[in-house]
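No value in this document is a laboratory result; all are computed from the given coordinates. All values reported here derive from a predicted model rather than from experimental measurement. Neighbour counts run over all protein chains shown; Cβ positions are idealised from the backbone, glycine included.
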Amino acid sequence: MTLIENNDHKAKSILNTLYPRTGNAWRIGITGPPGAGKSTLVEKLAMECVKHNLSVGIVCIDPTSPFSGGAILGDRVRMSSLFLDPKVFIRSMATRGSLGGIAKATKQMCDLLDAFKKDIIIIETIGVGQVELDVAGIAFTTIVVLVPEAGDSIQTMKAGLMEIADIFVVNKSDRDGADKMVMEIQSILEMKDFDRIPVVLKTIGTEGKGVTDLYKSILEHKDYLKVTNKIKQRMQSTIQTEITEIVQEHIDKQVWRNPKIKLALNRFIDNIINGRQTPYHAADKIYAIWKKLGRKI
Ligand SMILES: Nc1nc2c(ncn2[C@@H]2O[C@H](COP(=O)(O)OP(=O)(O)OP(=O)(O)O)[C@@H](O)[C@H]2O)c(=O)[nH]1
Ligand SMILES: [Mg+2]
């Protein structure tokens, strides 16, 4: 896992060897604002899975400190009761500057856990922004965790939130305003067009209340995706994104490490500053240089 996370030269061959063993695990993404209770719910949800004799892999994404480059890795502390459980494996990952709430190698980490025959994989995004959306690209079931106090701000929440959630959870429903929050989410959902309207649930993470219902809702959603064959669409789009990203990385390396292009880039930057060229013109030229070089290879 560390080799994969560090993009070591062995990473590709490890992933190639293990990939054929993947395809069994159900991947669940959990996102939501900071402190909403994501880790608390992940812990309780994992315990529920273990109760049903399922093995669980957990990937927690922690923010990377812009100062030290290290991660805080605080989520693991909240999941202490799982450490000794042989059916549960927890891996923390640092974002290392990547945006969107998940680390670059998160998908690969899930593939590894899948290859190691975990039945359920839970991915917890960082809670730095409002709600991080990228996790929906790699999860089959996406859970958005909110709290009662978020009621007034839900209208202004990040665009896309309503589209990515398969299940909404209003956690901390021991506090005032939980029912109001549930109603508000439902009223927004009613205005949209869905093949399947997302479920809205109330939980109290610290007490484990509502977690059994959450578990059942996940299974229902899984059945829905399988019966309608929508799971195929989700997998297709995940794989397409992954391939696109890998190719993009190759291209980026080829282009920007090329000495001819480096030289041209510096010249163009000067030209742009001196008003002799526009960035669009420069980009066209760089693309043309790269194409010409490509033909020689
Ligand atoms: N009152 C109440 N507190 C809760 C509940 N669930 C979690 N908490 C508390 O909320 C705080 C934050 O919980 P976490 O599980 O760390 O939240 P998180 O969303 O993972 O936080 P980040 O990963 O830092 O974004 C902790 O002190 C929890 O004990 C709940 O249902 N009710
Ligand atoms: Mg957390």
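Output the relative contact order of region 143-297, whole-number percent, from Cα pairs under 8 angstrom with separation of 6+ residues.
In percent, rounded to a whole number, it is 15.
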## Note on the structure
Violations at 19 Å Cα threshold for listed pairs 180/202; 44/104; 12/222; 172/209; 262/285; 260/285 -> 44/104; 12/222
### Task
Have a look at 186, 41, 255 and report the one farthest towards the positive end of the charge dipole of the chain, computed about the Cα centre with Cβ charges (Lys/Arg +1, Asp/Glu -1).
255
#### Entry: Relative contact order (percent, whole number), the chain, Cα cutoff 8 Å, 6+ residue spacing
18 percent
### Lys/Arg +1, Asp/Glu -1 at C-beta; the chain dipole; positive extreme among 286, 212, 122
286
### Task
Counting helices only, and only those DSSP H runs with n ≥ 4, report the 222 nm mean residue ellipticity of the chain as the sum of -39,500 (n - 2.57) divided by its residues, in deg cm²/dmol to the nearest 500.
-14000 deg cm²/dmol
### Query
In debye, nearest 20: dipole of region 187-229 around its Cα centre with unit charges on the Cβ of K, R (+) and D, E (-)?
120 debye
### Summary
On the formula 1/(1 + (r/R0)^6), with r taken between the Cβ atoms of residue 266 and residue 19 and R0 of 35 Å, the FRET efficiency rounded to 0.05 is 0.30
### Query
Using the count of nearby Cβ atoms within 10 Å as a rough guide to exposure, how do 42, 50 rank from fewest to most?
50, 42
### Task
Can you check how the C-alpha radius of gyration of the chain compares to 2.2 N^0.38 Å, as a plain ratio?
1.15
### Query
Of 206, 141, 17, which is the most mobile in a GNM of the chain whose springs link Cα atoms less than 10 angstrom apart?
17
### Message
Just to confirm a number: summing +1 for Lys and Arg and -1 for Asp and Glu over residues other than residue 53 whose beta-carbon lies under 10 angstrom from that of residue 53, what do you get?
### Response
+1
